[in-house]
Amino acid sequence: MSQGFKLKFDQLRENDPTHREKPLQDGGKAYEQFYPEESHARNICFVWQSGKRLFLNYSYLISGEYLPEERTLTLAFTTQTFILKGVNLENLFYEVMNHAVRQIVCADERYNLVGEDEKFVVNDIQIVKNG
């Protein structure tokens, strides 16, 4: 058991089990710009060469399809379908299937590593709106 483990009987008696002992940031403002802690929700962020970024929650991922002969990975979300083109995308397919990838960055083809089987490189990201 963790040494920092505490029972919250005192907060339950005070009818405030969500009370935190940590003080608010920025001198105790009532409105905070950021949540005090990260959540357990998993998101995937797509980054283009131009710097454009888009993230979606993994809970909206419907399916994924890897086509080795076309070197494409298609990820179907509820609102959009992403078509990724690159090398070694089979590894990326399994990582996305396990919700392990946090960010997919698009890179120029000249940075593709020749002879390296473990790393994936995405060279193009296309978005198709659903419905």
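The values are calculated or read from the model by the stated rules, or taken from the named source; none is laboratory data. On a predicted model such as this, the values are computed, not experimentally measured, just so you know. Positions of Cβ are generated from backbone atoms using ideal geometry, with glycine treated the same way; all protein chains shown enter the neighbour counts. SASA here: full protein model, heavy atoms, side chains in, ligands and nucleic acids out. Shrake-Rupley method; radii C 1.70, N 1.55, O 1.52, S 1.80 Å.
Here are some notes:
- Long-range neighbours under 6 Å by Cβ, at least six apart or interchain, first residue of a type outside the set (D, E, K, R) within the range 76-90, second crowded, with 18+ Cβ neighbours inside 10 Å and not in a strand (DSSP E or B): Asn88/Phe120; Leu89/Phe120
- Any chance Leu54 is at pLDDT 95 or above and in contact with a helix residue (DSSP H, G or I) (Cβ under 7 Å, 6 or more places away or on another chain): no
- Total residues in the range 64-92 satisfying the condition of being open to solvent by 30 Å² or more (accessible area, probe 1.4 Å) and within 14 Å of Lys119 (Cβ to Cβ): the figure is 4.
- The single condition among (1) open to solvent by less than 60 Å² (accessible area, probe 1.4 Å); (2) assigned to a helix (DSSP H, G or I); (3) of a type outside the set (Asp, Glu) that Leu54 does not meet is (2).
- Restricting the range 93-131 to residues that are of a type in the set (Phe, Trp, Tyr) and open to solvent by 60 Å² or more (accessible area, probe 1.4 Å), the residue that is modelled with the lowest pLDDT is Tyr111.
- Qualifying residue in the range 109-125 (condition: of a type in the set (Lys, Arg) and not in a strand (DSSP E or B)): yes
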